[in-house]
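First comes the structure, then the notes that go with it.
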Amino acid sequence: MHALDVSHTAPGFERFVPPGTVLDTVASGLIFTEGPVWQPKEGCLFFVDIRGDRLLKYTPGKGLATVIQPTGKGNGLTLDHDDRILCAGWGGRTVWRLEPDGAVTTLASHWQGRKINTPNDIVVKSDGTIWWTDMINGIYIPGMCTEDVQRYLDFEGVFRLNADGAGMALMADDLITPNGLCFSPDEKLLYVNESSQRRIRVWDVGGDNTLANGRLFYKDTFSEMGVPDGMKVDVEGNVYCTGSAGIHIISREGQLLGRIHTPEHAANMAWADDDWRTMYITARGIVYRTRLGIPGVPHGHANRKQALAMAGKGDR
Amino acid sequence: MDWRFERVAGPLGSAAMGVVWDGSGVLFTHPESHRILRYDPQDGKVGDFRKWTNGAAGLAFAPNGELFGAQQLSRRIVRYNSEGSTMPMAYRFVGLPYHSSFHNMPKHLAIDAVGRIWFSDPAPRGVASGPPLPFPDHCSVLRLEQPPDRSWVLKRMTYDTTAPAGVALSGDGKTLYVAEDAANGATLRAYPIDADGSLGEYDVLHHFGGNRHGKFRGIDGMTVDAEGNIVAAAGSTAAGPGALIYVFTPRGRVIETHPVPVEPTNCAFGDADLTSLYVTTIDGSLYRARDTGRRGKRT
């Protein structure tokens, strides 16, 4: 445990990271952690060790346990409306669901008859639709795909499924290395970052779930190590995105407010605990935990509703 | 006898490599555009055989007809399956910590009669995909082989190379030829392959040397003809005797040299009777010399 290092850019950053905030290491010795998501029913954090090929859970006071292994080098995780784990399958080139009995159901693997790229991160909207980024990099990075490393699609994009796993739709096909994605608290905006471009783009989400008016939201112009990867929002709509030095906190207007510095490269983060002010951060072989000032909008339908209701932003 | 080289494809502007005869056409790689191309001598057309190769360099056919390649920027050997998929082979050494277990960037490969894949793994050229992973502290010839359970295992075969380039196997499978581009001069080495599959002490078959203009460019890629001679792409216009195809006897005697219009990167026999030699060059061209008076080894 040590003091959390930050750099302030805008006045009032203490509201986001109160003075005296510390950074705990809750897990270490892993290879490449990603996909954190908090499950209040079990009071545990699910996450993956991509290169270790494992889905794990961390339970405060109990420690680590392996849930499934191998995972096909699974990456981003989220929860569906029935609190089942959904995984952006990355190395396995599928999107899959972990059933309560431990079975794995493949939800998506091909687009118009061609194998998709390598799903990187995944999120569920309040209407139950499942959205993920289909980045190409997983087929090229040594050690990720174990079956087929041939590229078939001539684009990288964002796909959507209905809640039941049917109705696969291509939502955007003009992205370069699409990685993290999240909705604004009111779900009227979809943020998607592009790692290699070091930027976040944003689209308006129509009532029929179509995307429109894609535009640049934020550009990471710093030079420290780290790229846009995992991305989440707080209940006020501020965007938390990994990037140079750690995690960038960005206002709804796209202005950098400040940065949380992490000793290891941060890849993703998850809101946790009853007040949703705890943040777990996956960073290479480590999982960190810290406590922030503003509650986040967590994954999981009931969790999201609870967090927004507590913040006086219910009925969304 | 003089060989007349004609350009049949390219130039693509940067090096072409990995030339192999597939039975009716020539496959070669263009790492910069991440493609494997195919030249069809029937109609003279050149087309894409595979896209998105992530810098594939050397190619080789196994005795069972399977095609393998060195995917440089993904730091692994892959198999190009006939239905269009691409399977990664074992890419880690057994028994090392995870981050230290990856090999370098493979370049050239040769496959023996029992399907073992011998490949050179020189120092990285270009940036590998993804977050950086450490490179090993050696540049060796490695081998992929299948134990009886049919899984693939990666083994280190040389412990005395610093910059291996082309690799080739003698017709009887008892000798491994390695082009070693050492800092103090490029050589062609012959390693005996022992009965247990390991390599014995090497002999230097040829030393390329240098002069006041610099070190002479040694062998990049090479092949073996039906008589067991080593046919090698070497040399440059910068220093030494020029850009050449050399023909060495198995004992290292230089019995022929043939000037090539551009620095050659690799060569392979082709056409119906395997008497033409196809040569890839650093400007991304595919050249052909017909009626070489030599014949390729049937695989």
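The values are calculated or read from the model by the stated rules, or taken from the named source; none is laboratory data. Everything quoted here is computed from the prediction, not taken from an experiment. A quick note on method: Cβ atoms are made from the backbone with ideal geometry, for glycine too, and the neighbour counts reach across all protein chains shown. Side chains are part of the model used for accessible areas, which takes the heavy atoms of the whole protein and leaves out ligands, DNA and RNA. Shrake-Rupley method; radii C 1.70, N 1.55, O 1.52, S 1.80 Å.
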Tell me, which residue of region A:263-285 that is more than 14 Å from chain B (Cβ to nearest Cβ) and open to solvent by 20 Å² or more (accessible area, probe 1.4 Å) is farthest from A:Ala3 (Cα to Cα)? A:Asp274
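Filter region A:173-194 down to residues that are farther than 27 Å from A:Ala307 by Cβ and small (Gly, Ala, Ser), then give me how many there are.
So the count comes out to 0.
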Qualifying residues in region B:143-163 (those that are among the charged types (D, E, K, R) and in a loop (DSSP other than H, G, I, E, B)) - the one most open to solvent (accessible area, probe 1.4 Å): B:Arg150
Can you tell me which residues in region B:236-261 are open to solvent by less than 30 Å² (accessible area, probe 1.4 Å) and part of a loop (DSSP other than H, G, I, E, B)? B:Ser236, B:Ala239, B:Gly242, B:Ala243, B:Thr249, B:Gly252, B:Val260
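Could you list, in sequence order, all residues of region A:30-54 that are hydrophobic (A, V, I, L, M, F, W, C) and within 14 Å of chain B (Cβ to nearest Cβ)? Break it down into steps so the answer makes sense when it comes.
To start, the set of residues in region A:30-54 that are hydrophobic (A, V, I, L, M, F, W, C) comprises A:30-32, A:37-38, A:44-48, A:50.
Hits for region A:30-54 are A:Leu30, A:Ile31, A:Phe32, A:Ile50.
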Being in a loop (DSSP other than H, G, I, E, B), open to solvent by less than 40 Å² (accessible area, probe 1.4 Å) and closer than 22 Å to A:Gly296 by Cβ is the filter here; which residues of region A:178-227 pass it? A:Ser184, A:Pro185, A:Glu187, A:Asp220, A:Gly226
Which numbered condition trips up A:Glu42, out of (1) touching a Gly at 6+ places or on another chain (Cβ under 8 Å); (2) open to solvent by 60 Å² or more (accessible area, probe 1.4 Å); (3) closer than 21 Å to A:Val123 by Cβ; (4) not β-branched (Val, Ile, Thr)? (1)
For region B:181-231, what are the residues that are within 16 Å of B:Phe119 (Cα to Cα), of a type outside the set (Ser, Thr, Tyr) and open to solvent by less than 40 Å² (accessible area, probe 1.4 Å)? B:Leu188, B:Arg189, B:Ala190, B:Ile193, B:Gly197, B:Leu199, B:Ile219, B:Asp220, B:Gly221, B:Met222, B:Val224
With respect to B:Leu109, is the statement that it is open to solvent by 30 Å² or more (accessible area, probe 1.4 Å) and more than 9 Å from chain A (Cβ to nearest Cβ) true? no
Between a first residue in region B:55-74 that is more than 14 Å from chain A (Cβ to nearest Cβ) and a second residue that is basic (Lys, Arg), which pairs have beta carbons less than 6 Å apart while being 6 or more apart in sequence or on different chains? B:Ala57/B:Lys107; B:Gly58/B:Lys107; B:Glu66/B:Arg79
Residue within region A:57-78 that is open to solvent by less than 20 Å² (accessible area, probe 1.4 Å) and within 15 Å of A:Gly165 (Cα to Cα) present: yes
Out of (1) at pLDDT below 95; (2) away from every other protein chain (no Cβ under 14 Å), the odd one out for B:Leu133 is which? (2)
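Could you run through region B:87-99 and say how many residues are more than 7 Å from chain A (Cβ to nearest Cβ) and open to solvent by 20 Å² or more (accessible area, probe 1.4 Å)?
At the first step, the residues of region B:87-99 found to be more than 7 Å from chain A (Cβ to nearest Cβ) are B:89-90, B:92-97, B:99.
Pick out the ones that are also open to solvent by 20 Å² or more (accessible area, probe 1.4 Å) and you get B:90, B:92-97, B:99.
The number of residues fulfilling the criteria is 8.
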B:Gly126 passes all but one of the listed conditions (1) small (Gly, Ala, Ser); (2) within 9 Å of chain A (Cβ to nearest Cβ); (3) surrounded by fewer than 19 Cβ atoms within 10 Å (Cβ to Cβ); the exception is number (2)
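Aliphatic (A, V, I, L, M) and either under 22 Å from B:Glu83 (Cβ atoms) or more than 20 Å from the chain's Cα centre (by Cα) (or both): is that true of B:Met1 in this structure?
yes
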Kindly list, by first and then second residue, each pair from a residue in region A:284-303 that is more than 30 Å from B:Pro132 (Cβ to Cβ) to a residue that is among the acidic types (Asp, Glu) and open to solvent by 20 Å² or more (accessible area, probe 1.4 Å), limited to pairs with Cβ atoms under 8 Å and residues at least 6 apart or on different chains. A:Gly293/A:Glu14; A:Ile294/A:Glu236; A:Pro295/A:Asp275; A:Gly300/A:Asp83; A:Ala302/A:Asp83
Check region B:8-19 and report whether any residue there is in contact with a helix residue (DSSP H, G or I) (Cβ under 6 Å, 6 or more places away or on another chain), part of a strand (DSSP E or B) and not hydroxyl-bearing (Ser, Thr, Tyr). no
Residue count, region A:138-163 (criterion: open to solvent by 40 Å² or more (accessible area, probe 1.4 Å) and either within 14 Å of chain B (Cβ to nearest Cβ) or without any contact (Cβ under 8 Å) to a residue 24 or more places away in the chain (or both)): 4
I need the full set of residues from region B:208-235 which are part of a strand (DSSP E or B) and under 19 Å from the mean Cα position of the chain (by Cα), in order please. B:Ile219, B:Asp220, B:Gly221, B:Met222, B:Thr223, B:Val224, B:Asp225, B:Ile230, B:Val231, B:Ala232, B:Ala233, B:Ala234
Would you say B:Gly84 is facing chain A (nearest Cβ under 10 Å), part of a loop (DSSP other than H, G, I, E, B), at pLDDT 95 or above and closer than 19 Å to B:Ser24 by Cβ? yes
Of all residues in region B:87-99 being in a loop (DSSP other than H, G, I, E, B) and among the aliphatic types (A, V, I, L, M), which is farthest from B:Ser151 (Cα to Cα)? B:Leu96
With the condition kept exactly as written, say whether any residue in region B:269-285 is buried (at least 20 other Cβ atoms within 10 Å of the Cβ) and closer than 22 Å to B:Lys174 by Cα. yes
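Assess whether A:Gly230 counts as being under 17 Å from A:Gly157 (Cα atoms), surrounded by 24 or more Cβ atoms within 10 Å (Cβ to Cβ), at pLDDT 95 or above and in contact with a Ser or Thr (Cβ under 6 Å, 6 or more places away or on another chain).
Working: under 17 Å from A:Gly157 (Cα atoms): yes; surrounded by 24 or more Cβ atoms within 10 Å (Cβ to Cβ): yes; at pLDDT 95 or above: yes; in contact with a Ser or Thr (Cβ under 6 Å, 6 or more places away or on another chain): yes.
Yes, satisfied.
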